[in-house]
């Protein structure tokens, strides 16, 4: 103790500040290094909106664009996730998909009305048996690397997405495509496994994007971070974890877009996306939280854009469970839930209730109020089925993947309890839930699969895509997405017919019947179609939000 | 000293191996199949199987671990399951942001926490001390996402002084650094206060006062020097933690750091990224500890790491 005061003649605090100083220098160096490649948004948002912060490196864009025409500005979009890859057929989530949609083109494109329209293919015809499709390609279109888009290039892409040896992640989408054949330099023939009416819709998905064969060959796995397409915007830069920057394709075959470029900024936190939108640092913010909606709606500088998605939220019954094999129990569980009220109160209206299994924006979707809220009837049905005092069950779900989801399930739980059905919510992290939910029929009982909270999306806006994988008896999980093991011979038959049929009117009739059967048999509680809620600055024009979560931006301006 | 450093460095090898093995087993025990996640929710079984083979996930676990370790010996951390980019590159692009944020927040924590703690100790029992303690308690208990959102609301939305999110220049660094500093700052302040209080009661401080030394010199020469060791330990731990990535702060501010990379990789079951990332984080922690140990000797000459 006593020799403490002998030590340290030098001032230790000074040493401390020396350390601090050294650290500060290191940090500044790191800061400089990190800030050099920042391409500043070319145009600042209107000053009236808020005193926007000064841009960090205004010079960065000067090197790239020979901007002659009056600039249309750079559109900044606050997105929820950093992409994992931009190699189109290997993308499995809507975030990077929407980037792929503007970097690449496809043979066909979805218009704002969700019908398939000409893209890189000017026109197409199907053979009378519906299994040989001939596509006439647009002439003179060039990839961003200068290569020409011809039938060989397209065939190269089709061969890649149906390849068995090195499967792309979206290979399952294209299971019905058998082969592609070059007829002449701008005519391509695609053969499908039997008649396949929704091929033009399938080819309009992001996974079917046409990529420069040269880039595929030369970049290999590097393509994931350096996409080369033909689309209205050219890939420029991807700063991992932060942003993806695209610039205008002046040679775009559909006419050069108005915008100078697009910046996708990765902002996982919803409230921060709102803050960026409010300050004008973002022009479009994806997926606004329901809690902020009222406040934002009152802001004249912000427009809220709502579109029903392709995601159908439902609660699926395990049909192999004795209780749920009884139609009356399933009906009772439907009748016990007041869906419109839940959508209104808990989701701030961000959902569309149709009482039917197909999202309303998909062609052929119907509405029904056959299973509307009626708790008294629910109790009676339960008593008839032999459960006057209800029963206990477990519901599996994924935890909080979208805002308000957990609360929604709690409300459903409460309304079931009101008629005597005591349901335990077992909510897990997404991947853990997936592992459970995709269990097959043999394991279903031992693992305790009873009720599943699902939000499955159609691959493309077509009833075949939505219904086949979920309700055809050949698609029991883990093979397909029929996770409740629903089986109905008539439904199987109709779904097979619908998949083959090429006449839209006949297809609509077939899928109407399928939906009516499903509404009668209620293999699930068809809750609602989630609504996409995006916020736009009020000066953003013609940025069209599709139910696929993609934005059509070729004609957008601000 | 050198032998001490070398010994410590040698010890970090088994520690790192232990981390690798632990992370490996936890990842493989966690439910959730990477192949299925890669394939997407509506993939059929054949695609899932093909992807599983492609990723080498169909091999027995010991073989997978052995493969990983032999690659690791060649400094190859593997490739991301999803983006196919080398894990090394992924980490290299994210690390600078994390290091920058960690250093900045530690600077703020030290620059404010130390004087605050000293002040509270000197003004012990007064209103200053009381309000200082309350502030420290609030900062320790307030969740960082709340502080972050509050700062965004005030300084980005209302005042417009700083950008709400993103990285780049110093402008972008301030709000996240302050947010991240909050907790460490409070810890440092509280630790400084209690340590200084203890030292202030020592005989040698009374002696120093007795011989007429000014209060300021006493504080710096005698009190702070002797109080420094525990404070350094706390700062070292906090810095190590910050190097591991401040997930919450990174999410709130859209900061492209390692923490979020790891969390996103965990959700996607991108095993190579999680493994490589945690290994780097563990190594960072080990080196910070080493530096702290060495600086003990610097601050306290009695500590000598001979032999």
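Remarks
- On the beta carbon distance between residue A:159 and residue A:506, with R0 = 41 Å, the FRET formula returns roughly 0.80.
- Chain B, helix-only ellipticity at 222 nm - DSSP H runs n ≥ 4, -39,500 (n - 2.57), divided by all residues, nearest 500: -24000 deg cm²/dmol
- Were the residues from residue B:76 through residue B:201 laid out at 0.36 nm apart, the gain over their Cα-Cα distance would be 39.5 nm.
- A convex hull fitted around the alpha carbon atoms of segment B:243-306 yields 90 Å³ per residue.
- Remark on segment B:79-233: Rg and Dmax equal 20.2, 70 Å (Cα only).
- Note on residue B:63 and residue B:131: their simple-model spin labels are 6.9 nm apart, each label 7 Å out from Cα toward Cβ.
- Between residue B:291 and residue B:49, the FRET efficiency from the beta-carbon distance, with R0 = 41 Å, is close to 0.30.
- With kT/(6 pi eta Rh) evaluated at 37 °C and eta = 0.692 mPa s, and Rh the Kirkwood radius from Cα pairs, segment A:339-425 diffuses with a coefficient of 224 µm²/s according to Stokes-Einstein.
- Fewest-first ordering of B:298, A:201 by other beta carbons within 10 Å of each residue's beta carbon gives B:298, A:201.
- The distance from the alpha carbon centre of segment A:450-501 to that of segment B:231-307 is 48 Å, rounded to a whole number.
- In segment B:240-279, the alpha-carbon atoms span a convex hull of 56 Å³ per residue.
- Computed on segment A:366-500, with alpha-carbon pairs under 8 angstrom and 6+ residues apart, the relative contact order is 20 percent.
- Contact order relative to length of chain A, as percent, for alpha carbon pairs under 8 angstrom and 6 or more apart: 17
- With R₀ set to 30 Å, the beta-carbon distance separating residue A:134 from residue A:80 gives a calculated FRET efficiency near 0.15.
- Two-decimal Rg to Rh for segment A:432-489 - Kirkwood Rh, Cα set: 0.97
- Kirkwood-type radius of segment B:158-307, with distances r between different C-alpha atoms, in Å: 18.4
- Computed log10 I(q)/I(0) for segment B:52-155 at 0.19 Å⁻¹: -1.04, from the Debye equation with unit scatterers placed on every C-alpha and solvent omitted.
- For segment B:1-115, fraction of C-alpha pairs farther apart than 18 Å, in %: 69
- Cα-only radius of gyration and Dmax that characterise segment A:227-330, units Å: 21.2, 63
- Ellipsoid semi-axes for segment A:123-224, based on the Cα gyration tensor and the rule √(5λ), read 22, 18, 11 Å when sorted largest first.
- Hydrodynamic radius (Kirkwood) for segment B:113-157, which is based on Cα pairs only, to one decimal in Å: 11.8
- Segment residue A:304-residue A:422, length gained on full extension (0.36 nm per residue, minus Cα span): 38.7 nm
- Cα pair count fraction exceeding 16 Å, expressed as % - segment A:477-516: 41
- Shape summary: segment A:308-384 maps onto an equivalent ellipsoid whose semi-axes, from the alpha-carbon gyration tensor, are 24, 16, 11 Å in decreasing order.
- Scaled against the 2.2 N^0.38 Å expected of a compact globular protein of N residues, the Cα radius of gyration of segment A:92-174 reads 1.19.
- The ratio of the alpha-carbon radius of gyration of the protein assembly as shown to the globular-protein estimate 2.2 N^0.38 Å is 1.06.
- Taking 0.692 mPa s as the viscosity and 37 °C as the temperature, the Stokes-Einstein diffusion coefficient of segment A:379-520 based on its alpha-carbon Kirkwood radius rounds to 193 µm²/s.
- Theoretical gain in end-to-end length, residue A:214 to residue A:297 [0.36 nm per residue, Cα-Cα removed]: 25.1 nm
- Rounded to the nearest angstrom and listed largest first, the equivalent-ellipsoid semi-axes of segment B:1-40 from its Cα gyration tensor are 37, 9, 5.
- Normalised by residue count, chain B yields a Cα convex hull volume of 167 Å³ per residue.
- Whole-angstrom Cα spans of segment B:140-232 along principal axes, big to small: 55, 24, 21
- Base-10 log of normalised Debye intensity for segment A:254-395 (one unit scatterer per alpha-carbon) at q = 0.13, 0.19, 0.21 Å⁻¹: -0.79, -1.17, -1.29
- As a ratio to 2.2 N^0.38 Å, the alpha-carbon radius of gyration for segment B:196-248 is 1.60.
The numbers here are math on the coordinates, done by the rules we state, and not lab data. No experiment lies behind these values; they were computed from the predicted model shown. Neighbour counts run over all protein chains shown; Cβ positions are idealised from the backbone, glycine included.
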